[in-house]
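Here the structure is laid out as C-alpha cells; the discussion comes afterwards.
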Amino acid sequence: GAVPMEEEEDDDDPENRIAKKMLLEEIKANLSSD
Amino acid sequence: AFQAENEQLFADFLACCSQLTEEHPEVVPYLTGRHQKASPAFLGSAEFRNVLSRCLTRVQARHHKVYVYINEVCTVLKANTQRRKLAISAVPAP
C-alpha cells in the first residue's frame, strides 16, 4: 500500500506545542489591544 | 557594529519561519512588528546576533521546533523594545 506522507510535526513535540500556543495567544491579545 | 549582519540573519530567519508557519500567517508579521519596535542599539548588538544565529541554525535543523525558536527571538525583542517617551512634565511638585 501507499506510505502516507509525513504530516506536520508541530503538534508532536510538547515543547513546540506549548510555544505555539503561547505565541498565538500573545498575537491574539496584541491584536485585540490595538 | 553587527547591524548589516543581523539584518541578513533576521531576513533568513523570517524566510525559514514563513515556510514553516504557513498554517498561521499572522506569525511572521508579528515577528516583523516586534523587530521594528526593538531598540536600534539592540538590533545592532552582538547579543542579538548570537540569538539569531543560534535560532536560525536550530530551526533549520529542527523544523518541528519552529515555534520554540520564534518564541525565543520574540522574547529577546520584547525585552529590548524601544521605550516610549513619557510625558512627565505635568507631574505636580510634592
Matching residues, region B:58-70, being surrounded by 16 or more Cβ atoms within 10 Å (Cβ to Cβ) and either of a type in the set (D, E, K, R) or under 9 Å from the mean Cα position of the chain (by Cα) (or both)
B:Lys65, B:Ile70
Counting only helices (runs of 4 or more DSSP H) wholly inside region B:1-57, the ones holding at least 3 residues that are of a type outside the set (Gly, Ala, Ser) and surrounded by 14 or more Cβ atoms within 10 Å (Cβ to Cβ) are B:3-20, B:27-37
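Read-outs: derived from the displayed coordinates by stated rules, not from any lab. These numbers were taken from a predicted model, which means no experiment stands behind them. All Cβ positions, glycine included, derive from the backbone under ideal geometry; neighbour counts span all protein chains shown.
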